[in-house]
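Notes follow once the structure below has been shown.
The values are calculated or read from the model by the stated rules, or taken from the named source; none is laboratory data. These numbers were taken from a predicted model, which means no experiment stands behind them. Here the Cβ positions follow ideal geometry from the backbone for every residue, glycine too, while neighbour counts run over all protein chains shown.
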Amino acid sequence: MAPPAGPRGLFAGNQLGLMRDPMGALAKLATHGDIVLFRMFGTQRIWLANHPDLVQEVLVTRSKDYRKGRGLQAAKRLLGEGLLTSEGDLHREQRKVMQPMFHHERIAGYADAMVRHAARARERFEPGQEHDMSQEMARLTLGIVAQTLFDADVEGDAADIGSALTDALVAFRSARLPVSELVSRLPTPSNVRLQRARVRLDAVIHRLIAERRGEEGSDLLRLLLGAQHEDGGGMSDAQVRDEALTILLAGHETTAQALTWTWYLLGQHAEVEERLHAELDDVLHGRLPAAGDVPRLAYTAQVLAESMRLYPPAWILTRQAVRDTGIAGQAVRRGDSVIVSEWLVHRDARWWPEPERFDPGRFAEEQEKARHEFAYFPFGGGPRLCIGEPFAWMEGTLLLATLAQRWRFRIVPGHPVELLPLITLRPRHGMRMVAHALPRRGRA
């Protein structure tokens, strides 16, 4: 086929643009078409695939032709060979070991702990008090992951873990763009921060491993300590560390950001918030939610889904071709990078009429059935589909329901709301909001 339309030359200006304003740069690239080829650093060929068919082709149909993108090496400097960063046979074996912890029945058993943590968190709010909801949600979801998957209490470590994670994310903020390897080994201030963050996080993880080694139990950490490879050998402390840190960080960061943006959107759309509260009253009658309520909290889940459409926690995915392959009839060479972006596809008017409008009704069952499966992919897809997706959906729904029973949140007047596109999509200045109490009802 004829070469796809796209910017010519070295694309030096947009190379900087991808670092300074990645959303704007990607949107500019997308104006050239659904498949765009450009170059960076002289020889690096990069494709932007911006159509659900092409997303499916990369993540599912031809997934064996790709590995995770070049920025993977930056992430490995923090996470090692954990489930998020491993490839090939190692990844398949790791996923097989962990899968039992994420079966439907097991996840339902985590509901009580999720709600207990949320009920305790909502008692920290006071009417008229300001809170950074980004920090509050991170503290809440970190405690839940530690309790449900590690049977551990990290409340005392929450501030240090949060600070270290932020330093790490900022240090490899471009890890999902194919530009980070050039400076990944230099003693830059960001690389020094990344190494210090790793030391701080390792101290927590190794303490948990030491506490659990030799103990009986059914949590994920003990499962990892007792796991055996196909050759009969067990996991080393380094392997357990990589898996545990990956789950601890990835398992709370994405849900925390999803909820943060949800509170922001609800505060801007009173009619959606009123309908949410009406459902909570009708379904729960003032009591705390439980696992059995999740299927009936349909609109609550739709609110969360629409928030992740507009502000997807994972906003971009990169893959690198491991062999010569193709996409949309174009020849993709071994070593080429391919970008697919939830941010772009989720806001494309072809699949989402009035894409900037916050409308949870888009996720009613009939509308979902009529839409392309990969017009919405906040958890990725194919063999690398996030193993924790069912966990995240139940957790997000239960936490939203529990907190919204008691509180409304409104942005502090004048507080700037800007995007900070790290590996996850964060608010650049946090999300300072004022808590407003709702009348108590029943036993809640």
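Is there a residue being under 18 Å from Q135 (Cα atoms), in contact with a strand residue (DSSP E or B) (Cβ under 8 Å, 6 or more places away or on another chain) and not β-branched (V, I, T) anywhere in region 377-390? No, that holds for no residue. Scanning region 32-79 for residues that are at pLDDT below 90, touching a Lys or Arg at 6+ places or on another chain (Cβ under 9 Å), within 30 Å of A197 (Cα to Cα) and not in a helix (DSSP H, G or I) yields K68, G69, G71. Sort out which residues of region 364-413 are more than 29 Å from E57 (Cα to Cα) and acidic (D, E), and write them in order of number. Once the filter is applied, which keeps residues that are more than 29 Å from E57 (Cα to Cα) and acidic (D, E), region 364-413 yields only E395.
One line per residue, one yes/no per condition, for (1) surrounded by fewer than 20 Cβ atoms within 10 Å (Cβ to Cβ); (2) out of contact with any strand residue (DSSP E or B) (no Cβ under 8 Å at 6 or more places or on another chain):
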| site | (1), (2) |
| --- | --- |
| E81 | yes, yes |
| R92 | yes, yes |
| K96 | yes, yes |
| P100 | yes, yes |
| H103 | yes, yes |
| Y110 | no, yes |
| V115 | no, yes |
| A121 | yes, yes |
| E126 | yes, no |
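For the structure I just gave you, tell me whether T262 is more than 30 Å from L224 (Cα to Cα) and surrounded by 24 or more Cβ atoms within 10 Å (Cβ to Cβ). It is true that T262 is more than 30 Å from L224 (Cα to Cα) and surrounded by 24 or more Cβ atoms within 10 Å (Cβ to Cβ). Among the candidates S307, S341, the residue that is in contact with a helix residue (DSSP H, G or I) (Cβ under 6 Å, 6 or more places away or on another chain), free of Cβ contacts under 8 Å to residues at least 60 places away in the same chain and surrounded by 17 or more Cβ atoms within 10 Å (Cβ to Cβ) is uniquely S307. Whenever a residue of region 43-55 is of a type in the set (V, I, T), its partners that are in a helix (DSSP H, G or I), lying with C-beta atoms within less than 6 angstrom and at least six residues away or across chains, give the pairs V55/F374. Scanning region 131-150 for any residue that is outside any helix (DSSP H, G or I), out of contact with any Lys or Arg (no Cβ under 7 Å at 6 or more places or on another chain) and farther than 19 Å from L266 by Cβ turns up nothing. Tell me yes or no: at least one residue of region 396-406 is part of a helix (DSSP H, G or I), in contact (Cβ under 8 Å) with a residue 24 or more places away in the chain and closer than 21 Å to W343 by Cα. There is at least one residue in region 396-406 that is part of a helix (DSSP H, G or I), in contact (Cβ under 8 Å) with a residue 24 or more places away in the chain and closer than 21 Å to W343 by Cα.
Yes/no per residue for (1) among the acidic types (D, E); (2) out of contact with any Asp or Glu (no Cβ under 8 Å at 6 or more places or on another chain); (3) at pLDDT 95 or above; (4) within 30 Å of R39 (Cβ to Cβ):
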{"site": "V322", "(1), (2), (3), (4)": "no, no, yes, yes"}
{"site": "G329", "(1), (2), (3), (4)": "no, yes, no, yes"}
{"site": "G335", "(1), (2), (3), (4)": "no, yes, no, yes"}
{"site": "V338", "(1), (2), (3), (4)": "no, yes, yes, yes"}
{"site": "R347", "(1), (2), (3), (4)": "no, no, yes, yes"}
{"site": "W351", "(1), (2), (3), (4)": "no, yes, yes, yes"}
{"site": "P355", "(1), (2), (3), (4)": "no, no, yes, yes"}
{"site": "F379", "(1), (2), (3), (4)": "no, no, yes, no"}
{"site": "P383", "(1), (2), (3), (4)": "no, yes, no, yes"}
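Condition check: within 15 Å of L400 (Cβ to Cβ), surrounded by fewer than 20 Cβ atoms within 10 Å (Cβ to Cβ) and of a type outside the set (K, R). Does A331 satisfy that? Outline the logic, then answer.
Values: within 15 Å of L400 (Cβ to Cβ): no; surrounded by fewer than 20 Cβ atoms within 10 Å (Cβ to Cβ): yes; of a type outside the set (K, R): yes.
So A331 fails the test.
Selection of region 233-274 for residues being without any contact (Cβ under 8 Å) to a residue 60 or more places away in the chain and in a helix (DSSP H, G or I) yields D237, V240, A270, E271, E274.
Those residues that are among the acidic types (D, E) and under 13 Å from F102 (Cα atoms), I need them from region 363-400; list them, please. Result: E389, E395. Determine if region 187-197 includes at least one residue that is in contact with a helix residue (DSSP H, G or I) (Cβ under 8 Å, 6 or more places away or on another chain), surrounded by 20 or more Cβ atoms within 10 Å (Cβ to Cβ) and modelled with pLDDT of 85 or more. Yes.
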